[in-house]
Amino acid sequence: MSGVPGRYAGALLDLAREENAVDRIGADLAQFQRLLDESADLRRLVRSPVFSSEDQLAALEALCAEAGIGGLALNFIRLLTRNRRLFAISDMIKAYRELLAQARGEVAAEVTSAEPLAEARVTELKDAIKSAIGRDVDLSLKVEPAILGGLVVRVGSRMVDNSLRTKLQNLRIAMKGLG
């Protein structure tokens, strides 16, 4: 990992290892990312330079307390807020997951669906990806209603887009070619 997200994620992983809290930090960061994915208002708060760091910090501390995010993960969020780097938190969370997966000999995979997936479906996906690549998988789930249906699976630099939105776009392109 390089750049700002990689440096922050690497430092966080080192601290998490020192405190034997690698999994807890990962869970807290995943919870925070879910909150970001589900709330346009939270994304606006995190990304907008209009909000002061004090306002961001007050709102995020309340949100994290309600979500059960604390300890090192909360301190990390505070640091990003004070350093005005909060806009890059999603990239940092992704980098943390990738570094952790690498350290464990796993492959990081991201699955985007139009609706939240049932736990049984998540297990099936993990097993299918594991059998396809032959390594354990750290699965990150993302909900994006705009894909309409189906799944978009990203493993490393490879992506399989089986979303309804892409199928409709391809159909439109094919129909234009006929006319």
Between a residue in region 159-179 that is in the same structural domain as S113 (by TED's automatic domain parsing) and any residue that is among the hydrophobic types (A, V, I, L, M, F, W, C) and assigned to a helix (DSSP H, G or I), which pairs come within a Cβ distance under 8 Å, given they are 6 or more apart or on different chains?
S163/I147; L164/I147; R165/A146; R165/I147; T166/I147
Have a look at A40, A59, A88, A30 and point out the one that is more than 21 Å from V111 (Cα to Cα) and among the aliphatic types (A, V, I, L, M).
A59
Please state which one of I89, I77 is over 27 Å from S157 (Cα atoms) and touching a residue at least 12 places away in the same chain (Cβ under 8 Å).
I77
In the set A73, A101, A114, which member is under 16 Å from the mean Cα position of the chain (by Cα), among the aliphatic types (A, V, I, L, M) and modelled with pLDDT of 95 or more?
A73
Against the definition (touching an Asp or Glu at 6+ places or on another chain (Cβ under 8 Å), in the same structural domain as L29 (by TED's automatic domain parsing) and either within 30 Å of E54 (Cβ to Cβ) or of a type outside the set (A, V, I, L, M) (or both)), how does A73 come out, yes or no?
yes
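The values are calculated or read from the model by the stated rules, or taken from the named source; none is laboratory data. Everything numeric here is computed off the predicted structure, so don't read it as measured data. Here Cβ is always computed from backbone atoms with ideal geometry, including for glycine, and neighbour counts include all displayed protein chains.
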